[in-house]
Amino acid sequence: MARVAVLGAGLMGSAAVERLASQGFEVVVWNRTRSKAEEAAGRAGARVAGSVEEAVSNAEAAIAFLADDEALMSVAARIGRADGLVFIDSSTVTPEAASRVAEYLEGRGACYVEAPVLGGPNAVREGRLVVIEAGRGHCKRLARPYIEALAERVVDAGEDPRVAQALKLAFNQLLISSLAVLSEAMAMAQAHGAPLEALEEVYRGTVFEALASKYLKRLASPEWPTSFRIELAAKDLDYARRAAWSRGLAAPVTSAAAEAFKLAAHSGLAGRDYSRIYWFIARGGV
Ligand SMILES: NC(=O)c1ccc[n+]([C@@H]2O[C@H](COP(=O)([O-])OP(=O)(O)OC[C@H]3O[C@@H](n4cnc5c(N)ncnc54)[C@H](OP(=O)(O)O)[C@@H]3O)[C@@H](O)[C@H]2O)c1
């Protein structure tokens, strides 16, 4: 039975622990806050490691679901030697961080695969992720069983880890910014007395139908369980604009959306589902 270490037991990492264990992998999980690793491991019949080093020693592969650049870099820095370890990074990070971590871990003997994902914790549990994969050919081949356990589709982004993260950020840049604009459109129409159903009807049959049918009710609903935290949506837009700035592009629209999500996170909604951006916008951004 292949042994895999899951690094990070947040919403995505804990779902990955469950999925990989259910697919027959021997799973060991490490998390900065140990109690969350224990919870995830308990549900899945996995083992908890007390340190990153312990998690990856004797594992054939490690898969990281960590919050951001800082989290990924600080976890990677705790890996001393990693000869033969297949390291799969499924966190959403900047292209620069991906490249630095790839170089660092390859220098320690790991086979590095950048593998950011589209889809939330439920998609992880059901093996329905879309994975955008970059790395050396033989590393991608070694990573295949772990990625296939989580994904229904794999997009090959070549060898450069920066390209995989640029593609991931390009997806979230469009989705998350769209939710901010959709929230503004809903709030404006409703403030003029338009019912939500009429707005949905207006979007029907147009290019906006899929977005509206998937998100109008979620945005308007008074409660929604958190599957993707507002704070991380703000982080993704911030990373997308920084990736644009690093190539001389201004990205003013992405910047405006990033500020809206950042303000929403600072207004006490940081840990709430990213669809709560509508609350923030509908009550006037305060
Ligand atoms: N949720 C989604 O729908 C979704 C979809 C696609 C991609 N992603 C990406 O996947 C990654 C994980 O997302 P998530 O939803 O699972 O987030 P989450 O629930 O907030 O979990 C974040 C994880 O990162 C760890 N972490 C944060 N800062 C750290 C640090 N400085 N050092 C070590 N560990 C640190 C947390 O540990 P603690 O428990 O100790 O805080 C936790 O395990 C993110 O990059 C996110 O953008 C998420």
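For the chain, adding -39500 (n - 2.57) for each run of n ≥ 4 DSSP H residues and dividing by the number of residues yields -16500 deg cm²/dmol at 222 nm. Averaged over residues, the count of other Cβ atoms within 10 Å places the peptides 68-74, 247-253 in the sequence 68-74, 247-253, highest first. The angle separating the long axis of helix 137-150 from the principal Cα axis of greatest extent in the chain is about 60 degrees. Summarising the strand pairing of the chain, around 15 percent of its internal DSSP beta bridges are antiparallel. Beta bridges from DSSP with both residues in the stretch 3-159: antiparallel share about 15 percent, rounded to the nearest 5.
Considering only 20, 121, 142, and ranking their Cα positions along the charge dipole of the stretch 3-159 that arises from unit charges at the beta-carbon of Lys, Arg, Asp and Glu, the one farthest toward the positive end is 20. Rounded to the nearest 0.05, what FRET efficiency do residue 207 and residue 159 give with R0 = 51 Å and r taken as the Cβ-Cβ distance? Could you check? Once the sixth-power term is evaluated, E becomes 0.90.
Please tell me which of these pairs span more than 28 angstrom C-alpha to C-alpha: 36/214; 140/217; 36/262? Violating the 28 Å Cα-Cα cut-off are 36/214; 140/217.
FYI, it's all coordinate maths here, none of it is from the lab. In this text, all values refer to a predicted model and were calculated from it rather than measured experimentally. Methodologically, a virtual Cβ is constructed for each residue, glycine included, from the backbone with ideal geometry; neighbour enumeration extends over all protein chains shown.
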